[in-house]
Amino acid sequence: MNRDEIPPGTLYLLILKTLALHGELHGYEIANSIQRSSDDVLQVEEGSLYPALQRMLIKGWVTAEWGTTAGNRRARYYKLTTLGRKQLALELSQFERVIGAITRVIQTA
Amino acid sequence: MNAIREFLRRLRMLFHRRQFQADLEEEIRLHLDLREEEQTEAGVAAAAARRAVYRRFGNPTAIKEKSYMTWGWAWLESLFQDARLAVRQLWKTPGFTITAILTLALGIGANAAIFTLVNAVLLENLPVADPKMLVRIGDHDDCCVNRGALEDGDYSIFSTDTYERFKKNNPEFEELAAMQSGFRFNPVIARRDGTDEAAHSVSAEFVSGNYFRTFGLSAATGRLLQDGDDVRGAPLTAVMSYSLWERDYGRDSSVVGSTFWINTKAVTIVGIAPQKFYGDRLWNEPPGLYMTIRSMPFIQDAEYVREADVTWLYLIGRVKPGTAVVPLQQKLSAQLKQIFSTSSVFFSAHDRPLLDRVKVRLTPGGAGIQIMQGSYKSNLHLLQWIAGLVLLIACANIANLLLVRGMGRNAEMSLRTALGAGRGRVVRQLLTESIVLAVTGGAAALAVSYGCTELLLKLAFPYSKDVPIHASPSPAVLGFAVGLSLLTGVLFGVAPAWLSSRVQPADALRSGSRTTTGGASLLQRTLVVLQAALSLVLLAGAGMFAKSLNKLEHFDMKLNSTNRYIVRFDPQAAGYATTQVGALYRTIQERFHQIPGMVKVGISSCTPMEEYNSDGDVQIQGQPFQYKRSSYIRANEEYFDAVGTRVVMGRGIRVQDTPSAVAIAVVNEAFVKTFFKPGEDPIGAHFGSPGPISPGDFMIAGVVEDTTYMDVRWKNHAMYIVPILQRTASDKRPIEKVGELYVGAIVLETTRPIGNMEAITRQTLSGINPNLSVVKFQTFDAQIADRFTHERMLSRLMTLFGALALLLASVGLYGVTAYTVARRTSEIGIRMALGADRSGVVAMILRSAMAQTMIGMAIGIPVAFYGVKLVQSQLYEVTTVSGGALGLAVGTLLVAACLAGLIPARRAASTDPAQALRAE
């Protein structure tokens, strides 16, 4: 099955949205969740998830805390902050504006 | 706000780097494990599963690196790495490192010390409020108590009357304060009432009531002087300086309000001056007490305070904002001319034409009265230049060392480049090394400059207790010096690296070190030549200053200082009236003669080689007034023997020259030369002050040789010496008003050196009267040595700098020669294999080392000649570079160059040809 790379710059949006939907998740879960929600179309370059998460930590959009998985293993769980929610709204509106514009261009063609 | 939080998060991460790395590691491992389990559960074989997982995840190491970089500390990390590597590299070559750091430390340290002194002495303002608004009326030092008109008409010192008129008529001044110009010559004797404290000498300054207000100061405790203290009939009050309060009274608060006996008068201390305030001028003994002008006639019996024609005050005012200086200066000049022209006391008929020239100059008053600045200015500027030259040599040295090092590492750099290091990275590494070196050198320089400044202060102001200059280098000075060293380091550290990194690494590695021409570059040789030239100039300069000092110290002063002691005392301050001093002087003579070993007890108003002078116009009876002056002193009959002045004609002063006897004077040979024609017999001639009343005041009874008073440079210094108690026939003043009868010095001659002479002197004087305290006690030799403080400081510093320059130049020469030898090892090996003998090799190496030194000297010698012309004013009877000094400088430089060249040359000669050729 053919999987598509995610468009550049949308990784933050995807992570933010995923966390907003599911609450606390660790890195592996985030990757899986994005993949599942996109019906296996979107494939996160799994490694790139981690630098992105670090950047979001710096920005204060997410916080991280160590917890235990269902399989009783230590994992770092990420959670949205208020700032992260605001950022999500911002990125969503931005994304919709861009997509809308692109769609209009394509349809007139 | 967010940016700050973000920065704090980054910072927290920096401090928990290890934890961060571990967390990330664990997180990624979990991810990989879970994915692998998922694959395995789906039935993929283990090996294939792992491959798939990694393919999907990417390179974990790269990811970790990238995550880490996100936090933005990578640069710091690599800087640390570079610095660590730099320290390791420097550690591996201790010879180079120590030389470089020492060079920097000495070069920068010496400079920082000199600049600190320059800053403190020449550039700093008084610690007062808003110093920019202070203006001084006057521009030079006309100390201390004067009468009569000035030739050039430029007035800097004023009478009490003039001060009051200026103050009243010039609303441009918010405040105008007056201060005694010559306080350093008139310390007071003080004793705290109700304590067992001995009466002792304290430096005191008499000032106007608004003095402290003008400077915008407030008391440390109590109050400062006010206008109310400076009115006729006001109770006697004084303000004590903070440093005296701290040093002698341990900051005892009960000092304020207490009574002190000052020159036997009861004075109330009303307050303590602010801690940092050291008076209105930089001086090595700042005032310990401040009293008002009005109290001066009571305390120091100084009648001249009330005389309208005696000038003795410096004036500093605080102008109102927006006051233009030029109109104010014109206004004040006009007022002064007006004052002089309406009064007959200032200008005699002869001086009338001088009235047109009368003027004042306004100068910035923020730094106070700049007497010390004036006397040290040329010395300090010279030292600045010299220190600058040394810094230049130091920089050349560093440049040379770094160049040598950089080229020596060509191969290493090529190898690094070949192994994939970017050029930027290689250059950055070298840059870091240079910076580490410069920073370390800078830190060492800090220590050196502290020490040097202390040393300089000791050299410049020996024996003084409260010099208001501190040894801490100013940040600006250090910043400049360290900046310069950084620049040198960066420039000369990176240049070779940059050059070598441009070479194709393969070429560089292949070419090896087999070369005959690859010695030191032209740049390096030029630097060595420059160093040699500069150090020759400095060495020759040091020789000239040493010669000048030697000439001064060995000048025949026509005196004898062996086993002699000079005691300054003050009978007026001890409460004696002029009617009582005759008996006092006799008692002093008697009591001192009772001390075993005492030979002569001279008493006089002033002594040879002391900074003190009284002079006046002299007219020989029967001759027209020639507008010539002579200094005069009062002395008793033992004085000439006590100081070692020989009588060459007639007689000296005798016991019989009492007040009732005929008034006589003994003149010196310069006096005879000045006032008489050659061959004329001065004995029996009369002279006195010009005018009709007194030209017959003194009969010349004898002639003495020209013992040096004041300064060795004062040639043909006419002097006359009168018997200590005699008064002239024309002097009709009541004896109470004849202040000249107070003299200030006792000269003791003993048969042998007496170790505790000072204690004995104090006992003897206080045995006569407890208030008779010693103002100053010195051996005659020490008094003479004191007069050469400036010259000695200059000479020592010049020698120091000369030696430093020589050392640095030698190190530079050694570095270049050693480098050349190392580069030419294989060439030398071949030469020796082909039959060159050792001495030939040594000669070859030495020849090139000496050639550089010679060229340096050829440049240095004319520069030295030119330099001496520039500093001639600071030398005594030295007009050009002498053969001796130059020879010594050339010799020293040659020996140093020989040594610096010989060590590597010998190493070259001991090269084993076989080994040298195999070494690659």
Using Cα positions and a limit of under 26 Å, work out the lysines in reach of B:LYS64, with same-chain residues fewer than 8 apart set aside.
A:LYS17, A:LYS59, A:LYS79
Here the percent of antiparallel bridges among DSSP beta bridges lying wholly in the protein assembly as shown, to the nearest 5, is 75
Could you work out the mean count of beta carbons from other protein chains within 10 Å of each residue's beta carbon in A:26-38?
2
Could you check the spin-label model distance between B:TRP75 and B:TYR866? Points 7 Å from the Cα along Cα→Cβ, value in nm.
4.6
Restricting to Cα atoms and excluding each atom paired with itself, what does the Kirkwood estimate give for the protein assembly as shown in Å?
36.7
Cα→Cβ-extended label distance, 7 Å offset, between B:ASP154 and A:ALA89, nm
7.9
If the cut-off is a Cα-Cα distance under 28 Å, which lysines reach B:LYS628, setting aside same-chain residues fewer than 8 apart in sequence?
B:LYS337, B:LYS359, B:LYS558, B:LYS673, B:LYS677, B:LYS715, B:LYS732, B:LYS737
Listing B:TRP261, B:TRP91 by rising number of other beta-carbon atoms within 10 angstrom, fewest first, gives B:TRP91, B:TRP261
For the pair A:ILE106 and B:ARG838, the simple spin-label estimate (label points 7 Å beyond Cα toward Cβ) gives in nm 9.1
Put in order of increasing Cβ neighbours within 10 Å, starting from the fewest, B:SER218, B:SER67 give B:SER218, B:SER67
Kirkwood Rh for the range B:570-774 from C-alpha pairs, in Å, is 17.8
Using modelled backbone amide H atoms (1.01 Å from N, in-plane), which distant-in-sequence or interchain residues come within less than 5 Å of B:GLY650's amide H?
B:VAL703
Would you kindly derive the ³J(HN,Hα) couplings of the range B:140-151 from the backbone phi angles with the Karplus curve 6.51 cos²θ - 1.76 cosθ + 1.60 (θ = phi - 60°), listing them in order in whole Hz, with x for Gly and Pro?
8, 9, 10, 3, 9, 9, 10, 9, x, 8, 9, 4
So what's the projected area for chain A, the Cα convex hull averaged over all directions, in nm²?
8.0
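Roughly what % of Cα-Cα distances in the range B:93-195 sit above 20 Å, to the whole percent?
67
Within 10 Å of each Cβ of A:42-51, how many other protein chain Cβ atoms are there on average?
On the way: counts 0, 1, 1, 4, 10, 14, 5, 6, 12, 10.
Mean shielding by partner chains, rounded to a whole number: 6.
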Karplus couplings for the range B:333-338 from phi (6.51 cos²θ - 1.76 cosθ + 1.60, θ = phi - 60°), rounded to Hz, Gly and Pro as x?
4, 4, 5, 5, 4, 4
Residues with amide H under 5 Å from that of B:ILE189, placed H, sequence gap 5 or more
B:VAL202, B:ASN263
Over the range B:570-774, what is the percentage of antiparallel beta bridges among all DSSP beta bridges, to the nearest 5?
65
What relative contact order, as a whole-number percentage, does the range B:242-360 give when Cα pairs under 8 Å and 6 or more residues apart are counted?
16
Choose one of B:PRO608, B:SER766, B:TYR278: the residue whose Cα lies farthest towards the positive end of the charge dipole of chain B (beta-carbon charges +1 Lys, Arg; -1 Asp, Glu; about the Cα centre).
B:TYR278
Please list the equivalent ellipsoid semi-axes of the range B:131-366, computed as the square roots of five times the alpha-carbon gyration tensor eigenvalues, in descending order and whole angstrom.
33, 20, 14
Mean shadow area of the range B:714-848 over all directions, Cα convex hull, nm²
18.8
Rounded tilt (10° steps) of B:60-70 against the dominant C-alpha axis of chain B
30
In Å and on Cα atoms, what radius of gyration and Dmax does chain B show?
38.0, 140
Of the residues A:GLU45, A:GLU29, A:GLU96, which exhibits the maximal mean-square fluctuation in a Gaussian network model of chain A defined by a 10 Å Cα contact cut-off?
A:GLU96
Charge dipole of chain B about the Cα centre (unit charges at C-beta), most positive-ward option of B:GLY209, B:SER254, B:PRO913
B:PRO913
Over all alpha-carbon pairs of the range B:245-396, lay out the pair-distance distribution in 10 Å bins, whole %, shortest bin first.
8, 21, 27, 24, 15, 5, 1
Considering only chain B, what is the antiparallel percent among its DSSP beta bridges, to the nearest 5?
75
Kirkwood hydrodynamic radius of the range B:112-153, from inverse mean 1/r over distinct Cα pairs, in Å:
13.7
What average number of partner chain Cβ atoms lie no more than 10 Å from the Cβ of the residues making up B:55-68?
4
For chain B, longest principal axis from Cα atoms; helix B:94-118 axis from its Cα atoms; angle between them, nearest 10 degrees, is 30
If I fit a long axis through the Cα atoms of helix B:74-92 and take the longest principal axis of the Cα atoms of chain B, what angle between them do I get, 0 to 90°, rounded to 10?
80
Per principal axis, largest first, the Cα atoms of the range B:2-72 extend in Å by 50, 21, 16
Under 14 Å between alpha carbons, and skipping anything fewer than 8 positions from B:LYS320 in its own chain: which aspartates and glutamates qualify?
B:ASP130, B:GLU172, B:GLU174, B:GLU175
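Here, each number is a calculation from the coordinates, and none is a lab measurement. Because the structure is a prediction, the values reported are computed rather than measured. We place every Cβ from the backbone using ideal geometry, glycine too, and count neighbours over all the protein chains shown.
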